[in-house]
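S.K.: Could you have a look at this structure, given as C-alpha cells, before my questions?
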Amino acid sequence: MIRVLAGAVALFLAGALPAAAQFGPQGPPAVGVITAERRPITETTEFVGRVEATDRVNIRARVTGFLQERLFREGSDVTEGQVLYRLERAPFEAQVEQAEAGLASARAQLENAQVALARARDLRQSGAGTQVAFDNAQAAERTGQAQVLSAQAAVRVAQINLGYTEISTPIAGQIGRTILSIGNVVGPDTGTLATIVSQDPMRVAFTVSQRTALDLRNRFEGRGGPDAVRVRIRTTDGRMYSETGRVDFVDNQIDRNTDTILVRALIPNPVRRASDSATPVTPRELVDGQFVTVFLEGSEPVLTITLPRAAVLQDQQGAYVFVVGEGNKAERRNIALGRSTGQVAVVESGLQGGETVVVEGVQRVRPGQPVNPGPPSAPAAPPVRG
C-alpha cells in the first residue's frame with residue numbers, strides 16, 4: 001500500500017513540474033518610455049477678474065434751473081467737452097447784467113471818492129483843510145476800491161453760473177441713460193443726471209492670493225517684473241479675447257479679510273465695426289462691470305521639461321518618476337513640479353534633460369527592478385501652457 005502511494009505521488013510530481021514551470025517568472029515588465037526634453041512653454045496663471053472703465057464721471061447740475069435741452073442720444077459715444085444738457089439761461093443772464101450794473105455803480109463811487117480825496121489833499125496842503133477830513137476821504141477811496149473788487153467778483157460768479165447752464169462732459173466715453181427728461185428742475189441736490197464711462201483702454205481688476213503673488217514675484221522678478229508678464233482674458237462665452245494687456249497697478253497692501261492683493265491691468269478695447277446712424281452705440285467687446293477669466297502669461301516662452309501627467313507618482317516624500325538607468329534598471333527620481341495641467345506635468349527640478357522616463361506601466365515598476373523599455377502605445381501629450 002505504501003509503495004502504491006509513493007508511486008502515485010511520484011507520478012503527480014512528474015506531471016506537475018511542467019505546469020509549475022509555466023507559472024514562473026515572465027521576465028522584466030514591459031514599459032513605455034520617452035526621453036525627457038526641454039521644450040518652450042508659456043507659463044500661465046489663471047484668475048477671475050472684472051472689467052472696469054479707467055475713467056467714470058457722474059454728470060450733475062451745478063446750478064438750479066429748468067432742464068431745457070438734451071443734446072445726446074442715450075448709449076452713444078461722446079467726446080471730451082461735448083455739451084450734454086442746457087438749462088434755461090434767461091435768469092442767469094439777468095444775474096450777469098445785474099452784477100455788471102453793480103460793478104458800474106461801484107466804479108462810479110470809486111471815481112467820486114478819488115475826486116474827494118484829491119480835493120481834501122489840496123485843502124490840507126494849503127492849510128484850509130483838516131487832517132480828519134483828509135483821513136475820511138482817504139478811507140472812502142479805499143472803501144470804493146474794495147467795493148469795485150467785490151462787484152467784479154460778483155460779475156465773475158454770475159458769469160460762471162451762466163456757464164454752468166451748459167453741462168458738458170470732461171471725458172470721452174459712452175454715456176448711459178438720462179435720469180430726468182426735459183422740463184424738470186435740476187440742481188446740485190438732484191443727483192446724477194447721467195454716467196459716462198471711458199471705453200478704450202479698459203481696466204481688468206483681479207485679486208491674487210498672497211502665496212500666488214509671492215510665487216509670481218519670484219518667477220518673474222529676474223525677467224523684468226510686471227514688464228515680463230502679459231495679460232489675456234477669456235469672456236464668459238468661452239472665447240479668448242484677441243487683445244493682450246499689461247499690468248499697470250499692484251496695490252500696496254494685503255486685504256486682511258481675504259489675504260489677497262489687488263492687481264489691475266490695462267487692455268485695449270477697440271471698435272469692432274463702424275456703427276451706422278440707426279445704431280448710436282459703438283460696438284466694443286468689453287463692457288464696464290463684465291466678468292472675465294484672466295490669464296497672466298510670461299511674455300517670453302521658457303525652456304522647461306514637460307512629461308505626461310501619468311508618468312508622475314506621489315507619496316509622502318513628494319512627486320517622483322522612474323527613469324531607466326544602466327542595465328535597464330528602474331531608478332526613482334524625486335522631482336519638483338511647476339504649474340501643471342491635468343495632462344502635462346512641468347518639471348522644475350530633479351531632471352536635467354535626456355533621461356529615459358517611464359510613462360506607461362509605472363504601476364508595475366519597482367526601484368532597482370529591470371524593465372523592458374519600449375515606445376509608449378500612445379503618443380505623449382503635447383506641451384501646453386503651464
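S.K.: Does Val157 satisfy the condition of being modelled with pLDDT under 90, outside the structural domain of Arg284 (by TED's automatic domain parsing) and of a type in the set (Val, Ile, Thr)? Working first, answer last.
M.R.: Details: modelled with pLDDT under 90: no; outside the structural domain of Arg284 (by TED's automatic domain parsing): yes; of a type in the set (Val, Ile, Thr): yes.
For Val157, the condition - modelled with pLDDT under 90, outside the structural domain of Arg284 (by TED's automatic domain parsing) and of a type in the set (Val, Ile, Thr) - is not met.
S.K.: Checking Gly127 against (1) in the same structural domain as Phe66 (by TED's automatic domain parsing); (2) at positive phi, only one condition comes out false. Which one?
M.R.: (1)
S.K.: Right, next: Among the residues of region 293-307, write down those that are out of contact with any Asp or Glu (no Cβ under 9 Å at 6 or more places or on another chain) and surrounded by 15 or more Cβ atoms within 10 Å (Cβ to Cβ). Lay out the reasoning, then the answer.
M.R.: Quick first cut of region 293-307, residues out of contact with any Asp or Glu (no Cβ under 9 Å at 6 or more places or on another chain) only: 300, 303, 307.
Of everything in region 293-307, just one residue is out of contact with any Asp or Glu (no Cβ under 9 Å at 6 or more places or on another chain) and surrounded by 15 or more Cβ atoms within 10 Å (Cβ to Cβ), namely Leu307.
S.K.: Can I ask one more? Is it true that Ile182 is part of a loop (DSSP other than H, G, I, E, B), under 27 Å from Arg70 (Cα atoms) and under 39 Å from the mean Cα position of the chain (by Cα)?
M.R.: On the way: part of a loop (DSSP other than H, G, I, E, B): yes; under 27 Å from Arg70 (Cα atoms): yes; under 39 Å from the mean Cα position of the chain (by Cα): yes.
Judged against the criteria, Ile182 is a match.
S.K.: Further question: Which is farther than 22 Å from Asp215 by Cα, modelled with pLDDT under 90 and in a strand (DSSP E or B), of Pro379, Pro373? Before you say what the answer is, go through the steps one by one.
M.R.: Numbers: Pro379 fails: in a strand (DSSP E or B).
Going through Pro379, Pro373 in turn, just one is farther than 22 Å from Asp215 by Cα, modelled with pLDDT under 90 and in a strand (DSSP E or B): Pro373.
S.K.: In region 215-271, which residues are in a loop (DSSP other than H, G, I, E, B) and under 14 Å from Phe47 (Cα atoms)?
M.R.: Narrowing region 215-271 to residues in a loop (DSSP other than H, G, I, E, B): 224, 235-239, 241-244, 251-254, 256-259, 268-270.
Of everything in region 215-271, those that are in a loop (DSSP other than H, G, I, E, B) and under 14 Å from Phe47 (Cα atoms) turn out to be Thr235, Thr236.
S.K.: Given the conditions (1) out of contact with any helix residue (DSSP H, G or I) (no Cβ under 7 Å at 6 or more places or on another chain); (2) in contact (Cβ under 8 Å) with a residue 60 or more places away in the chain; (3) surrounded by 14 or more Cβ atoms within 10 Å (Cβ to Cβ), report the number of the one that Pro91 does not fulfil.
M.R.: Here Pro91 meets the rest and fails (2).
S.K.: I've got another one for you. Hey, Gly65 hits all of (1) surrounded by fewer than 16 Cβ atoms within 10 Å (Cβ to Cβ); (2) modelled with pLDDT of 90 or more; (3) not assigned by TED's automatic domain parsing to the domain that holds Arg156 but one; which does it fall short on?
M.R.: Failed condition: (1).
S.K.: Do the conditions hold for Arg119, that is, is it touching a Ser or Thr at 6+ places or on another chain (Cβ under 9 Å), in a helix (DSSP H, G or I), among the basic types (Lys, Arg) and at pLDDT below 90?
M.R.: Judged against the criteria, Arg119 is not a match.
S.K.: Say we look at region 249-292 and pick out the residues that are loosely packed, with under 15 Cβ neighbours inside 10 Å and of a type in the set (Ser, Thr, Tyr); which of these is modelled with the lowest pLDDT?
M.R.: Restricting to residues being loosely packed, with under 15 Cβ neighbours inside 10 Å and of a type in the set (Ser, Thr, Tyr), the top hit is Ser277.
S.K.: Residues that are buried (at least 17 other Cβ atoms within 10 Å of the Cβ) and either closer than 21 Å to Leu162 by Cβ or in contact with a Phe, Trp or Tyr (Cβ under 9 Å, 6 or more places away or on another chain) (or both): does region 128-147 have at least one? Spell out how you get there, then give the answer.
M.R.: To start, the set of residues in region 128-147 that are buried (at least 17 other Cβ atoms within 10 Å of the Cβ) comprises 134, 137, 140-141, 144, 147.
Adding the requirement that they be either closer than 21 Å to Leu162 by Cβ or in contact with a Phe, Trp or Tyr (Cβ under 9 Å, 6 or more places away or on another chain) (or both) leaves none.
No, there is no match, as no residue in region 128-147 is buried (at least 17 other Cβ atoms within 10 Å of the Cβ) and either closer than 21 Å to Leu162 by Cβ or in contact with a Phe, Trp or Tyr (Cβ under 9 Å, 6 or more places away or on another chain) (or both).
S.K.: While we're here: Only one of (1) over 30 Å from Ala53 (Cβ atoms); (2) exposed (fewer than 14 other Cβ atoms within 10 Å of the Cβ) is not met by Leu117, so which one is it?
M.R.: That leaves (2) as the condition not met.
The values are calculated or read from the model by the stated rules, or taken from the named source; none is laboratory data. All values reported here derive from a predicted model rather than from experimental measurement. Don't worry about glycine lacking a Cβ; one is built from the backbone with ideal geometry, like all the others, and counts go over all protein chains shown.
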